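A short write-up of the structure that comes next.
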Amino acid sequence: MKTLVTFLMAAAMSAGFAETVKLDLAQKKKLDTFFSNFSESAVESFKQGALADGAMLKFALSHLLINTPKSLRKSADGNSVTATSAQVDTATTRYFGKKIASHQQATYTFPNSSGEAFVFSQIDSLDDAGHSTFKATGTIYTTGSGGTPDVHATPAAWKKAGEDVAVAGKFTALVRKESDRYVLLEYTVAKS
């Protein structure tokens with residue numbers, strides 16, 4: 001009987017019937033934060049195995065500016081910052097599981113400014129796709145400049161707090177779990 005149940009579960013998984021993962025609050029917050037890294041950096045849709053070096057570089061530079069600005073070297077006038085190729089590789093390896101194939105330069109200088117809108121994501125569901133991979137769906141939210149909503153709260157809580165939060169789009173993603181972190185393999189954005 002145990003063998004039959006195992007066989008039926010395996011057959012259901014291979015037929016596309018993924019089991020939904022029940023997330024506790026800590027897991028949900030961790031995944032909200034993970035996916036917010038991509039939405040705040042405006043990562044565009046890509047298929048598994050087709051993420052271009054240019055897209056990874058754009059993500060890494062944006063991510064460094066938003067999340068670790070003190071790690072970047074500022075220009076004398078403060079209008080630009082510089083990141084090293086090692087910093088870029090650290091970011092791309094952490095989030096995509098790979099480095100840029102060949103850096104065109106040892107450092108990257110870019111404007112010291114981020115967008116005015118505050119963008120973040122929340123995961124809506126996570127389905128086990130087998131072999132340590134998971135299919136995620138979620139919502140991308142945005143606020144105007146100066147918005148400070150609790151990024152893990154609900155739309156009802158934002159409304160009650162007087163926060164102006166709007167749905168900017170939806171995403172689906174394929175991620176691989178590696179130890180205690182996730183790596184993004186595929187990402188599709190549908191803007192509202």
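Quick note: the coordinates plus some simple rules give every number you see, no bench work behind them. As the structure is a computational prediction, the values presented were derived from the model and not from experiment. Heads up, the Cβs are rebuilt from the backbone with ideal geometry, glycines too, and the neighbour counts pull from every protein chain shown.
Some observations on this one:
- Gain in span if fully extended, Ala166 to Asp127, counting 0.36 nm per residue against the direct Cα distance: 11.5 nm
- Residue separation of Ala190 and Ala26 scaled by 0.36 nm, minus their Cα-Cα distance, works out to 56.4 nm of gained length.
- Translational diffusion coefficient of region 52-152 (Stokes-Einstein, Kirkwood radius from Cα pairs, 25 °C, 0.890 mPa s): 156 µm²/s.
- If a spin label sat at a point 7 angstrom from the Cα of Asn79 along the line to its beta carbon, the backbone N atoms of region 87-127 nearer than 12 Å would be those of 111-112.
- Model label sites at Thr93 and Ala157, defined 7 Å from Cα along the beta-carbon direction, differ in position by 3.5 nm.
- Positive minus negative residues near Gly49 (Lys, Arg vs Asp, Glu; Cβ under 11 Å): +1
- Pairwise FRET efficiency - Thr68 versus Lys177, Cβ, R0 = 30 Å, nearest 0.05: 0.80
- Farthest towards the positive end of the charge dipole of region 19-149, among the residues Pro111, Val21, Val81, is the Cα of Val81, using unit charges on the Cβ of Lys, Arg, Asp and Glu.
- Two numbers describe the Cα atoms of the chain: Rg and Dmax, which are 18.8, 72 Å.
- Shape analysis of region 105-192 yields a ratio of the Cα radius of gyration to the Kirkwood radius, Rg/Rh, of 1.06.
- Put a dot 7 Å past the Cα of Glu116, heading toward its Cβ, do the same for His103, and the two dots end up 3.4 nm apart.
- For region 35-96, alpha-carbon Rg relative to the globular expectation (2.2 N^0.38 Å, N residues): 1.15
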